[in-house]
Each structure stands twice: as C-alpha cells, then as structure tokens.
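Beneath this line is the structure, given in structure tokens, with notes to follow.
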C-alpha cells in the first residue's frame, strides 16, 4: 500500500475510534474519554505532519499518570466502569505506537471491541443507532486499510454491512443464550432508579412530581386482567421507626398457599430489578426461569446481583389475599410500633376494644379511615414529628404513601399484624401490541393485614379515592394525564396513536432485541417447531438458517451482477425474440450465421434489416474499439423497432 | 514450524501442474482467514463472552455482525478469483544477470473491477496489483544461462475487507532463453573465405592479427600495453582486414584453451556475436553442435545456440 493511502486509512481508524468512544462521555468520569480523545488527536497530528512516534518508554510512563488518576477516582480497574475506563486509556496509548499496516489493524480490532463497551451501560434504540454508526465507521476504516479506492470505499462498506446483516440476524436468533452469567460480576453501586426507593417516608416530600416514564411492560397470555386487579407487588416494608418505613429483609422459608383455586394468569414481564426485586402480580403462584418467588411474596432474580433488564414469566392468581401461617415471633414482629403518633395508636386501640373479632376489627378500621374526611392529592403539606397523627388528624391530605402508612400503623395499634407493600398499580393497555405499559407514575403503596391466617390487601387509598384503582392514576389527577407540550390540553387522537406506536416500537425493541434471552429463544424455537434449544437443534437451525440466507447471498454475490452486466447478450436475446415472434424457430444458442439461415424465409426488406442489425452487433461486440453504452442503447432501440412480418401469414 | 512450511511448499510445487492456460474454479481457489481476520474472530469471541456474562443483547449483535462480515468476506474474496483466466504471453529472451519479464494475460468474464495481487510462489515481493483485465509484466531475475521456465505463480486477494484471503497457485507453460552474460574478449578473429579456407590477409584492417616490435611514429593506440606490463618492451598490435568479399571472421568453441571454463567461453563467444552483429561484419560461429552465421543485426540464432549449449531438454 502506498504511504498516502495508509495515511488516509489511519485517519479513518482514528475517527472511527473517536466516534465509538463518544457515548462513554455519558457513563464514565468525563476526563477519561477526554484523555482518550486527546491521545487520538495527538496521533492524528503526528500522521498529518508526518512526524515520528514518541518513544515507547516515555509513552508508557506517561500513561501511568491517567491510570493512577483512574485508580484514585474509581478505586478499581475492573468491573464495568473501571474496566471500560482502563481499556479506553490503553487503547489511546496503543494509538500512539501504531506505525505499520499491521499495527493499524490491531488498533482497528481494538476499536471493534471498544464498540461493545457503551452497550454495557445503555441498550436503548439510540445506542443501537450509535452502534450502527460505529460499525459503519469501523468497517469503512477496514475497507480503506485493505487498500480500496477511497472514492469507492463508502459504497463497498455499505454493501458489506447490508449483505452481512441477514447472516447476523440468523446468528442472533439461533446461537444459544445462557440463562445466567458465566461468572458473577462485582456488584456496582446502583444509580438512582426511577419509581421505587428502598424506604418510604410519608410526609417528607411535599410535592410528588408524577413522571410518565415507562418502567416495565407485561404481556398476558390468554385473558387480559381488569385494571383493578393489577397490583404489581415489588417490595415489602415491615419496619417503622415513627417516620420512615424500611424493609427488614427477613429471609424465612415460606411456600405459597392460596385460598380457593382460581384460574392463574400467565404473563411475561420485561423489567429492571428495583432494589433487587421484580414486579409481579398479586398473588404469585409460580415463577418462571431465572426468577424465584421468596418470603413475603417477593420476586427476585436468581442472580440477585445482576441489575440488568430481564424478561421473565410468572403465573399469578388475581386475589387480594393469600394464606400464610405466622408463628408467635413473626406476629410480634409485624405488630412492632414505636411510641410516636399517640393519637393514631389511641384510635387503633379504641377500635380494637370495640371489635374483638379480627375480621370485624379490620372492617371497622377501614370504615373509620373512610370517615376521617381524608383527601387524595399529590401536593400535600409537608409533615414533621408525628407524621401519621399529622396526616390523619391535621392536614388530612396525602397520597398513597400517607394512606398506606397510616392504615398500617392503625392496624398494628389495633393488634393486627400489618405491613406496607410497595409496587405499581394499574397500567395502560396498548391495543396495537396487546401489552400493558406500566409507568413511573403508576407507583403505588398499600397495606397488608394478617387476619385469620391469611394476608389481606387493604388499599387505603382506594377507600378515599376509589377511581385511583379502578381507572388508574391518570383519571384521578388531571395533571398526570398526558399533555401536549407547550400547548396544553389533551392530545388529539393522532398524537395518541403516534404515542402508542412509539410505545409499541419500544416494547418490541425490549422484547425482541434487548430482552431476547434463553427463555424467549426457547419459546421461539418451539413456535418454529424446532423443539428444545439443544446442541443438535441449534446446529439444525443454524444450518437451515444459514442455507436460507447464504444461498441467495452467494448467488447474488457470485452470479447476480454478472448476468445483469452483459448488454450484448440482452440485445442478442431481444433480437432472437423478435425473430421468434415472426414465426422462426430460433434456438437460444444460435450463431449469427444460423440466424441468417433461418431468416431466409423472411421478406426481402426484413432480411436486409436483420443483416444490418447483425453486422452492427458484431461490430460493437468484437470491433477494435468496442461499443460504449450509448452505442449499445442505440442498437437496442433499433432491435426493439425491428418487427419482421410473420412468415406463416404469407403462406 | 519451519519444516512444516517447507514441506507444504514442496507439496504445492509438486501438485501444481504446468498448463498452457487455465481458468480458476472452486477446485483451485483456497480460502483462509488472514492474520487480521483471526484477530477479528478473537474480538468477536471476546465481545460474545462479554455479552453472555452481562446479558447485553446489542453486544451479541456486534459480535455476530463481525462473524457475519467474516462469512461474507469468504464469498467476496472467492469472487475476486473465481472465473479468472490466465495465460502466459511470449516473453523476450534475456542475457544472464538481467531481469526476465514474463507476460501474464489476465481475463475475467464480467466487466467488474477486481482487486488481486500476484507474486512468485517462492518470493515475497508483490509483482503486480491487478484491477482490470490485461497483460501484466512479471519480473524475475535470470542469473544463469539456459532455459528459464515460468515459476509457480501465487495469485491472491483479500478484498474488500482484508479478513479472508483467497489464493490459488498456477504454473503456466511459458519459458524463455537466457543467453550467456557477454564478457569482453580481446581475441582476434580468424578470417575465412566463403568456402571455409584461409585466404590472404591484408594488413591494416580491423582484425587483430598478431604482435610486432613497436616503432616510433606508429600510433600510441597500437601499443599492446599488456605485453609492455609483462615484458617491459613495447610491442605494436598488427591488424588485418578480410581480403575478399566472400570471407568473414569466424570463431570456434575450440579457439579457446582447454582451461577456459565452458561458461566463460560461452560468455566470450556471446560478446563476439554481439560485436559482430552490431558492427555489421558478420561472424561464423562454430560450436560443437553446429555452425551459425551471424549477419548484421540478426544475432538471434547464434545467441539461441549459445543459450542452448549443453542444455539437454532444449526442445522447448
């Protein structure tokens, strides 16, 4: 390769690397990608000015500085953030010792590896688009490095990527997925997730800003549930210190027993774990692959440390209660109350005195709460000190956190074991995709009270604002409903349609691309009639899929374009067709002399015209200067205009 | 490793038949990943393991796309060589020590540009980068006199991505003659009549006849300086020219002393043939296998005879 071509190719490699690493600005400490970009820029300048590379020793010593800074910053050089940042610095250093073609190719290969790193942080459609861009840039650099003409190279690149796309799809679908990771990753400090926090302090936040951000999706097989049945259980808070509810995270072995056998709902959920727990419809009876149903009816991943989005299937019976045998110690645990909130405790104890039977007591508690004149709002005044007393007897305004907290305290005071359940309630049904979209604003909290050997759900919010449960939060509060940006008011029909389409696209993306895992693969294999995902079946599917894609591809690559190119043959065939149209028996392989022999039966004029055409064809095909495109096109027009009279008719 | 390589080379050389012309088909085209291709496969594997471990679907996409590019490269690289027609064109003879230039005619059935390279199988220098059909001159050093057959050719292409290399080995039927390397020789030529007998010789010609004591007044250019260096006395070189029109100088293999090595003799003879052809004097070259007449500007038959001297399979 000429030195100048290598120069162009090396610029392409450096540009591709810069493009690939750009999204890392969002996920790493900003200075790391910046150092990387500077190293690339330095290398580009050296290439531009045709200057020699820096001494390797100095380079290595110089790299130690940012690596030490990285250690100080992140305290690790492995794991997701540390590993990626470390790799980025090393690749930047490698860029400064590339001289030969082989070096540049090593750097390019590293660039391909680097393109995978932003995906560890984000798998949205936007990342996919960026991946496409990165792939194009990298492949283009590859094409240039292999010595392709610079002007042709973008087309060559696009063609290579397009033609290899179907092959990639086959591999993506067929190559087996593992249900769990190969080795456990070092746990990372999880960033702030939307929706659910690890504790609940009613009254601490004055204004709740509802967010319509999608959180997870659920797809039911068979019958769809009613909105009022959609209680998505995630976490259980069972410890109260007077102001704040937390989870004790007891881990007792407990099976699930449901009173009455109803038809279970089967459904698949795509969700990220919230504080390690996954949403599941109350009451779960069976957890699918990759998830386990544990104590307090909480669902979690098998590999608990993994915080990645997951697709899983669950079976639930839509019921507001489930049987559970609590021993003395557990009952005492669920009755613990601090000495705060004396008025609430007093009210609870008074009710307990009047209603000795637990079931009747629970009824009375609900009735009492409903009579307190409470109001549902997302903008309650902030509370301090005895927050439950403040809510129940003074401000009387609040949202689900206030209601569930107050009712649970009340129940405990009345001698009924109780706890707070946090999750989501409701969801929006996407009619096009036939799935449920649950948003951040659907987050909800309710109480669970243990009466007569089973846990019963009490949604205290619903006692006051029943439409919150029946129709979802949107109908309860005007301000949460979707609004047109700037203009305000409800969006027109088409905007809703566009919104639903966008949701559907996102859902399909989550389902078929991001959430395509061992379970979905299993399902797809069964739908395709391939049976289990076993080695033999994978090989079968791989061979079948590859044959399906490779054969047309090979035909196109090896033969497709050749046939289309030969203008001479096309003109020849057209001429043969004209003669056949005139009633002559022309074979496809006939030579010019044979054609003329056949044409002896034609009229005199036609014979002369044919002779002229044949002569011209031969001149263009075999002549010393050959025929250019214009000449061939001219001949083709003449051939099409040539309409010899039918031979048969003359007889 | 080295021995394996050597053995493989020997095997290739043995199993490449010599053919007048050939068309490359799938039987002749081999495909292997390049070093870069293997590296990319390793990258795909690493990304795949990462995808497996972190359950990142898009990383699977990246990994499998790299593999797909490899698979596609197999087809594209194969296409670069498939259907290629090779034929050797007549190449000019050369003198030993010069560079022979074999002519390779490349043709392919479609009009699309291709990108392939040619080198001799046993040397690493790229001889030609072929993008269009046509004739390509392939230089080859010709150090020794005799017949030089076209060595095994290696044609290969890594286009368009450099991931997979398609290659093929071809041995074309083409040979050229390597004349002896001309070596200057001060020997005077003997003159012959048309019928081969010695005739009277006139003094003062161009041809060296012998030595005589140098006398003052004679040209300095006639002094035989070698003799002076050896003996210390000045001698003048006597020249003659052919006396009759029918006569011409002749030179025989046997004119040289027995201790002059054959190759050296041939080199001297070659020099004389060239001189005679250039000067237009003509020359009768007597070799053990026959006599060759060198006329002005036509030294070909004599040079060929010199090139063939002692070559057993000189049929081609």
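Where a number appears in this text, it was derived from the coordinates with a stated rule and is not lab data. Source: prediction; values computed, not measured. Neighbour counts are summed over all protein chains in view; Cβ atoms, including those assigned to glycine, are modelled from backbone coordinates with ideal geometry.
Oblate is the label for region A:3-174. Its Cα gyration tensor axes, ordered a ≥ b ≥ c, give a/c of at least 1.5 and b/c at or above a/b.
Between residue A:554 and residue A:329, the contour length at 0.36 nm per residue exceeds the alpha carbon distance by 73.8 nm.
On a 0 to 90° scale, report how tilted helix A:153-174 is relative to the longest principal axis of chain A, with both axes built from alpha carbons and the result rounded to the nearest 10. Its long axis makes an angle of about 50 degrees. Once the C-beta distance of residue B:119 and residue A:534 is scaled by a Förster radius of 51 Å, the resulting FRET efficiency is 0.60 to the nearest 0.05.
Given axes a ≥ b ≥ c from the Cα gyration tensor, I'd like to know whether region B:15-179 is rounded (a/c under 1.5), prolate (a/b larger than b/c) or oblate. Prolate is the answer for region B:15-179, as a/c is 1.5 or above and a/b outweighs b/c. Spin-label model, residue A:41/residue A:574: points 7 Å from Cα along the beta carbon direction are separated by 5.9 nm. Taking the number of Cβ atoms within 10 Å of each Cβ as an exposure proxy, the fewest-first ranking of A:303, A:459 is A:303, A:459. Sorting the segments A:107-118, A:507-518 by their mean number of nearby beta carbons within 10 angstrom, highest to lowest, gives A:107-118, A:507-518. Shielding by partners for peptide B:155-167, expressed as the average number of C-beta atoms from other protein chains within 10 Å of each residue's C-beta, is 3. What fraction, in whole percent, of alpha-carbon pairs in region A:215-480 exceed 32 Å separation? Within region A:215-480, distances greater than 32 Å cover 21 percent of Cα pairs. Between rounded, prolate and oblate, where does region B:1-59 land on the alpha carbon gyration tensor, with a ≥ b ≥ c its root eigenvalues, rounded for a/c under 1.5, else prolate if a/b exceeds b/c? Oblate shape, in that a/c is at least 1.5 and b/c is the bigger or equal ratio. Taking every alpha-carbon pair under 8 Å whose residues sit at least 6 apart, chain A reaches a relative contact order of 12 percent. Note on residue B:8 and residue A:169: the model spin-label points, each 7 Å out from Cα along the C-beta direction, lie 3.8 nm apart.
Computed from the C-beta positions of residue A:102 and residue A:498 and an R0 of 56 Å, the FRET efficiency is 0.65 to the nearest 0.05. Taken residue by residue and averaged, Cβ atoms of other chains lying within 10 Å of the Cβ of A:113-125 number 5.
Compared with the dominant Cα axis of chain A, that is its longest principal axis, helix A:101-114 is turned about 40°.
Going from the residue with the fewest nearby Cβ atoms within 10 Å to the one with the most, A:81, A:286 rank A:286, A:81. With 10 Å bins beginning at zero, the pair-distance distribution over Cα atoms of chain A amounts to 3, 12, 16, 16, 15, 12, 10, 7, 4, 3, 2, 1, 0 %.
Separation of region B:57-79 from region A:490-530 is 26 Å, based on Cα centroids. Partner shielding of B:41-51 amounts to 4, given as the average count of beta-carbon atoms from other chains within 10 Å of each residue beta-carbon.
Per-residue ellipticity at 222 nm, computed for chain A from helices alone with -39500 (n - 2.57) per DSSP H run of at least four residues, works out to -14500 deg cm²/dmol. If the chain linking residue A:289 and residue A:594 were pulled fully straight, counting 0.36 nm for each residue of separation and taking away their Cα-Cα distance, it would gain 102.5 nm. Most simply put, the protein assembly as shown has about 90% antiparallel DSSP beta bridges, counting only bridges with both residues inside it. Stretched out straight at 0.36 nm per residue, the stretch from residue A:585 to residue A:631 would grow longer than its current Cα-Cα span by 13.7 nm.
Here each label is just a point 7 Å from Cα along the line to Cβ, and for residue A:72 and residue A:55 those points are 2.5 nm apart. In this structure, residue B:257 and residue B:295 have a Cβ-Cβ separation that, at R0 = 45 Å, corresponds to a calculated FRET efficiency of about 0.95. Helix A:125-145 and the longest principal axis of the C-alpha atoms of chain A enclose an angle of approximately 30°. Take every pair of alpha-carbon atoms less than 8 Å apart whose residues are at least six positions apart; their mean separation over the length of region B:15-179 yields a relative contact order of 31 percent.
Counting beta carbons within 10 Å around each of A:628, A:198, A:238, A:268 and listing the fewest first gives the order A:628, A:198, A:268, A:238.
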